[in-house]
Amino acid sequence: MATANDTDGDVLVRVENVVKYFPVKAGGFLRHTVGQVHAVDDVSLVIERGKTLGLVGETGSGKSTLARCVAGLIPVTSGRVFLNGTDISRLSRSAMRPLRREVQMIFQDPYSSLNPRRRVGAIIGDPFAIHKTATGAERKRMVQELMERVGLNPEHFNRFPAEFSGGQRQRIGVARALALRPKLIICDEPVSALDVSIQAQVLNLLSDLQTEYGLSYLFIAHDLEVVRHVSDKVAVMYLGRIGEAAPADALYGQPRHPYTVALLSAAPAADPDAAAARQRIILTGDVPSPIDPPAGCRFHPRCPKAEDICRRVEPPLVTHEDSDLDPARTAVGTDGQPLEEAGPGVPGIPGGEAHVTACHFPVQPGESLASASAATIAAERESA
Amino acid sequence: MSAFTEARFEAHEAEEASGIPQPSQVQGRTQWQLTWMRLRSDKVSMIALVVIVIMIILAIAAPAIASLTGHAVNTAYPVNGENADGNPVPPGTNGFILGTDSTGRDLLVRILYGARISLFVGIVTTLIATLLGVGVGLMAGYFGGIIDTVLARFTDAVLAFPYIVLALALAAVFGPSLTIIVVMITFFSWAGIARIVRGQTLSIKEKEYIEAARSLGAGPFRIMFFDILPNLLAPVLVVATLYIPNAVVFESTLSYLTLGIQAPTPSWGNMLSDAQNFYQVAWWYLVFPAVALLITTLAFNLLGDGIRDAMDPRTERLIAARRLRRRVRRSTIKRENKEALESLAVGGTRAETGKKG
């Protein structure tokens, strides 16, 4: 069950081929399953000790589902999740309990993630109560220490969540997650519900805590700049799969997957000159239904570079050196030759040092997708 | 910067300079404090509350009052308590403040002892029914699946039962007694509470803070009682207050049908049942127990309504209008106050009619 190779390395969490399908039920009295939502489909990644793995993707791409699988909140359909070399994906609730201390979560909405009827002291003290680590005055002292650590007034432990602002509430959430001194904190869009000025405060707090306690983060967000700011490694998800993953600078500096390129081009730029200079890549159509995801590459119905092979063969996550990306390869693809043989890549796991991309025709340095996307739009208009 | 924001900015600076809104001085109000404040401004609810408190005190003090009058509860006083024809004497005769009943017993003392039964049955059955209903509703709502199906169908079955028919049958089988009454009323009361609790639980368990508790490693019972239950107290309290008068009436109904409290123990129900043969010669025998029953159930119902309104933040506007109206009445009427009142009254009327509809 457990593999020993994880315990010695820098890897804290290893996710292996995790699949999570949600059944779609129909019928009133006799309910039966009519389909599956492919929320997470065969995802592997690693989270290194003391590092932050950013996970980006649009709504419905399976980021949060993956996070809940890693946190052990929902059972996986198949695949395995290793924490410190122990497979936690098949553990019962009681067996999972001691491991809960290692993995904690910070939630997106600071308004619904704190029980409105309980006092802040009780909310932050919950982890101590559940794991029976401290009681009475001892617990109160620890709660107040935590409140002070995350920048809250320790005298306010007797207040209700409604008496705090959004940023303060998120600090309460951070204090609760921090209480058991976990090794991994899963941040599920921790700042997307906050004001921009407050976002920076919370992000700085998270980064201070990381240095102080050697925490690892799985940081989920759809704000690309926030992810770039906090992450060491970044993985891009699309329709339940990871499309591209790399160290943050490499991914933002030279995105290779057309989806990543489009995503980056859609992010607002603070510098007006940069905003004017860049080319927007307009993707056509909507995200396909995860109940019936497209065959081949999941991005092909919207990809400006899609070729015939993309509709048939699913591209593996492999490294692509820039030198490999000579135009001749593209020509091979258009001829309909099997590209698997021509593929230059070495398989890699997202979250590591490698820059891996799941694409038959990775974007090359200097290549413009905007013209390709304009051509696609024109072609679609003609056919319509 | 617009004139408006400038004005606000200046006002803010002025506030800071004068130091009026010190954050530490702002007193946070809990939901219960707010509810109590709103309830206190509601005259009807406060009168109902006072009536209930007086009723409870009188019921507790019934033996003391009985000794003051010098009349025991089940003792007939044929000499003073009956006239020459052997009929009840009217109120105020021979020291019988509310008159006597058909066998010459003190009506006041018997009504007070009846209050003990009615209030006991009302409060005890509601308490047990609430505990049962909350337990069943929480389990059904939280666990879902087969547990929910079984519990929810059982709840529906209980709600669909013709309770008078079952009461007749049970009383016939076990013989009427206080225990049977309590068991029977409880059995027919918990289902309504369970249904409300189940519905609320279903919506609360999807909240993110429940997931947060699960990620901390909290077990199902901790989540049910520490995380979900505090959010249910308000609706449960409202429903429970409205169940007390139902139980009081149910007990009186059973006693009236001679299936409840048995003579000579007094109950408002069996007193009414006896009185219907005598109302032509002794109106007081019928009127006073009926009035006691009416006042008690009305007070509980009005208080329940008041609590429900006080718990609903949407009625804040109505209550604000009420406060303002009072202030206007007290002080010399200022033009702007009057205008504010009118604008509030328009919204208030709408809210009131909306509530009834």
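Can you tally the net charge around B:Ser273? Count Lys and Arg as +1, Asp and Glu as -1, for every other residue whose Cβ sits under 14 Å from the Cβ of B:Ser273. If you can, show how the numbers build up before the last one.
On the way: positive: B:Arg110; negative: B:Asp101, B:Glu251, B:Asp274.
Net of charged neighbours comes to -2.
Using the Cβ atoms and a cut-off under 14 Å, what net charge is assigned to the surroundings of B:Arg105, where Lys and Arg are +1 and Asp and Glu are -1? Walk me through the numbers on the way to the answer.
Values: positive: B:Arg110; negative: B:Glu82, B:Asp101, B:Asp106, B:Asp274.
Result for the neighbourhood of B:Arg105: -3.
To the nearest whole number, what is the average tally of beta carbon atoms from other chains within 10 Å of the beta carbons of peptide A:92-99? Numbers along the way, then the final one.
Details: counts 0, 4, 2, 0, 1, 4, 1, 1.
Taking the mean over all residues of the peptide, I get 2.
If you rank B:Met184, B:Met271 by fewest surrounding Cβ atoms within 10 Å, what's the result?
Values: B:Met184 22, B:Met271 28.
Least to most surrounded, the residues fall as B:Met184, B:Met271.
Does the range A:46-187 come out rounded, prolate or oblate by the C-alpha gyration tensor, with a ≥ b ≥ c the root eigenvalues, rounded set by a/c under 1.5 and, if not, prolate when a/b is larger than b/c and oblate if not?
Details: a/c = 2.09, a/b = 1.50, b/c = 1.39.
It is prolate, given that a/c is not under 1.5 and a/b is the larger ratio.
When A:Val287, A:Val150 are ordered from fewest to most other Cβ atoms inside 10 Å of their Cβ, what list results?
Working: A:Val287 18, A:Val150 22.
In increasing order of surrounding Cβ atoms, one gets A:Val287, A:Val150.
Where does chain A land at 222 nm, in deg cm²/dmol rounded to the nearest 500, when only DSSP H runs of n ≥ 4 count, each adding -39500 (n - 2.57), divided by all residues? List each step's numbers first, then the result.
Values: 15 runs with 136 residues, N = 384.
Helix-only estimate at 222 nm: -10000 deg cm²/dmol.
Determine the shielding of peptide A:114-126 by partner chains: average, over its residues, the number of Cβ atoms on other chains within 10 angstrom of each Cβ. Don't skip to the answer; put the middle values down first.
On the way: counts 4, 12, 5, 13, 5, 1, 0, 0, 2, 4, 0, 0, 8.
Whole-number average of other-chain Cβ neighbours for A:114-126 is 4.
Counting other C-beta atoms within 10 Å, which of B:Asp309, A:Asp286 has the fewest, and how do the rest follow?
Sorted ascending by nearby Cβ count, the order is A:Asp286, B:Asp309.
The numbers here are math on the coordinates, done by the rules we state, and not lab data. Since we're looking at a predicted model, the values are computed, not measured. Here Cβ is always computed from backbone atoms with ideal geometry, including for glycine, and neighbour counts include all displayed protein chains.
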